[in-house]
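**Q** I'd like to ask you about the structure that follows.
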Amino acid sequence: MISEVLVYINNHLGDKITLEQLAAVTGYSPSHLHKKLSAELGISLGKYIQNQRMHTAAYFLAMTRLPLNEIRYLVGFEDDSAFGRAFRKLYLVSPLQYRKSQRHQQASPLQAFRYISTSGTVSRVQPQTARVFASRGNYFDDSIYNIWRDVRTYIRSVNRVPEDFEHYAVLHECPHVTGNRACRYDAAIVPKGFNLPVDPYLQTTVLSGTYIQFNFCSRVQDYKAVTAEVNTTLARQTKLRHRPGVSYFKFDSMPDPDKPDHLLIRWYLPVM
């Protein structure tokens, strides 16, 4: 019971978490659950949730290039000053100081090594024209990122930089269903506010239709477990059904084939 509640908390750090929601997960009354959790954790439930949010924020600060305002949103804060106060209370330095200082990061070892939000957001997305680079490989192995070397070379050839584009992986298969280890995987880039030369052989459309979006951040070697957890969550959605079509990873920044771990990924799964 305790493990189920802790998993729920860690998968909903960006949401408002109430005792009533946690009680519904377990079937216990809110008062009984609060007493049991406080006894098991050794601290109040509210303090535990706050600590988990700050540990996850420290993980993002140390391991990603996400801006501070996005990090505080991902861990459930709408206000910069409230986020800064909460972080300083636990880590004794500001979020920016923590990000810049290896000494502070080493003094407070990271408590979270993966982030996953199973609070899916459903939206209808307008199609975008992308330049695509096709490959095949194991979605759960970091060698799948080798295709991004070709993307980097192409971006240089058109006198642009990675920040001029949005970056996607187009996932044509579900290894959890097919069991295949070599799957179709395309790297795709969408220009921000400008057009690329038309090339029918290297052009595609990404994100057309209705999708549910889940966010996660982890090592590549954890992708299999994380995506299985997301698929399980989607299967429990009584009002949604998976529709045929590819899914997409949207990366917070262009993947580095030499350091592919700890990218924040927005996973778009087609639904109806």
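**Q** Show me the ranking of peptides 43-55, 235-247 by mean Cβ neighbours inside 10 Å, starting with the highest. Before the final figure, lay out each step's value.
**A** Numbers: 43-55: 17.2, 235-247: 12.1.
Per-residue Cβ counts within 10 Å, averaged per peptide and sorted highest first, yield 43-55, 235-247.
**Q** Before anything else, pin down the relative contact order of region 195-270: Cα pairs under 8 Å, at least 6 apart, normalised by residue count, whole percent.
**A** On the way: 74 pairs, mean separation 34.1, N = 76.
Normalised by residue count, the contact order of region 195-270 is 45 percent.
**Q** Quote the charge dipole size of region 2-111 about the Cα centre in Debye, to the nearest 20; the model charges only the Cβ of Lys and Arg (+1) and of Asp and Glu (-1). Please report the intermediate quantities before stating the final value.
**A** Working: 13 positive and 8 negative charges, 104 e Å.
The calculation lands at about 500 debye.
**Q** Please list, ordered by chain and number, the residues whose modelled amide H lies under 5 Å from the amide H of R219; skip anything fewer than 5 residues away on the same chain.
**A** Those qualifying (amide H under 5 Å, at least 5 residues apart or on another chain) are H262.
**Q** Which one of P67, T118, G42 has its Cα pushed farthest toward the positive end of the charge dipole of region 36-192, where Lys and Arg give +1 and Asp and Glu give -1 at the Cβ?
**A** Among P67, T118, G42, the one farthest towards the positive end of the dipole of region 36-192 is G42.
**Q** Right, another one. For region 243-249, what does the Karplus curve 6.51 cos²θ - 1.76 cosθ + 1.60, with θ = phi - 60°, yield as ³J(HN,Hα) per residue in whole Hz, taken in order and with x for Gly and Pro?
**A** Computed from phi, the couplings for region 243-249 are 9, x, x, 7, 10, 9, 9 Hz.
**Q** In addition: Using the crude model of +1 on Lys and Arg Cβ and -1 on Asp and Glu Cβ, and no other charge, please compute the dipole size for region 120-270 relative to its Cα centre, in debye to 20. If you can, show how the numbers build up before the last one.
**A** Numbers: 19 positive and 15 negative charges, 101 e Å.
That gives a dipole near 480 debye.
**Q** What three numbers, in Å, describe the spread of the alpha carbons of region 33-99 along their principal axes, ordered from the longest?
**A** So the three principal-axis extents are 38, 21, 21 Å.
**Q** Let me ask something else. Please give the net charge around G137, taking every other residue with its beta carbon less than 15 angstrom from that of G137, where Lys and Arg add +1 and Asp and Glu add -1.
**A** Numbers: positive: R136, R149, R181, R184, K224; negative: D141, D142, D150, E173, D186.
Around G137, the surrounding residues sum to 0.
**Q** Another one. Tell me, what is the FRET efficiency for T121 and Y154 to the nearest 0.05, using R0 = 25 angstrom and their Cβ-Cβ distance as r?
**A** Working: r = 31 Å, r/R0 = 1.25.
Efficiency, from the Cβ-Cβ distance: 0.20.
**Q** Given a Förster distance of 25 Å, report the FRET efficiency between V161 and K224 from their Cβ-Cβ distance, rounded to the nearest 0.05. Spell out each step's value before the answer.
**A** Working: r = 32 Å, r/R0 = 1.30.
That pair, V161 with K224, gives E of 0.15.
**Q** Considering the chain as a Gaussian network with a 10 Å cut-off on Cα pairs, which listed residue, A169, A39, A134, attains the greatest mean-square fluctuation?
**A** Among A169, A39, A134, the largest mean-square fluctuation in the Gaussian network model of the chain belongs to A39.
**Q** Which value does Rg/Rh take for region 120-270 over its C-alpha atoms, Rh per Kirkwood? Mind dumping the intermediate values first?
**A** Numbers: Rg = 15.1 Å, Rh = 15.9 Å.
When Rh is taken as the Kirkwood radius, the ratio is 0.95.
**Q** Between Q203 and R181, what length in nm is gained on full extension when 0.36 nm per residue of separation is reduced by their alpha carbon distance? Write down the numbers at each step before the final one.
**A** Details: separation 22, 0.36 × 22 = 7.92 nm, distance 2.60 nm.
Contour length minus the Cα-Cα distance gives 5.3 nm.
**Q** Still on this structure, please answer the following. Between Q237 and I2, 0.36 nm times their residue separation minus their Cα-Cα distance comes to what?
**A** Working: separation 235, 0.36 × 235 = 84.60 nm, distance 2.31 nm.
Once the chain is fully extended between Q237 and I2, it gains 82.3 nm.
**Q** Can you pick out the pairs among K16/K192; K89/K250; K16/K259; K16/K239; K35/K100 whose Cα atoms lie more than 31 Å from each other?
**A** The answer is K16/K192; K89/K250; K16/K259; K35/K100.
**Q** In debye to the nearest 20, how big a dipole does the chain give about its Cα centre with +1 on each Lys and Arg Cβ and -1 on each Asp and Glu Cβ?
**A** Working: 33 positive and 23 negative charges, 61 e Å.
Result for the chain is approximately 300 debye, rounded to the nearest 20.
**Q** Would you order V125, V161 from fewest to most other beta-carbon atoms within 10 Å of each residue's own beta-carbon?
**A** Values: V125 15, V161 10.
Lowest to highest Cβ neighbour count: V161, V125.
**Q** Report the one residue of H55, S108, L33 whose Cα lies farthest in the direction of the positive end of the charge dipole of region 2-111 (charges on C-beta: Lys and Arg +1, Asp and Glu -1; origin at the Cα centre).
**A** Farthest along the dipole direction, towards plus: S108.
**Q** Between region 1-76 and region 157-179, what's the alpha-carbon centroid distance in Å?
**A** Here the two parts' Cα centres lie 31 Å apart.
We did not get these values from a lab; they are worked out from the coordinates using the rules stated. Because the structure is a prediction, the values reported are computed rather than measured. No Cβ is skipped: glycine too gets one built from the backbone with ideal geometry, and neighbour counts run over all protein chains shown.
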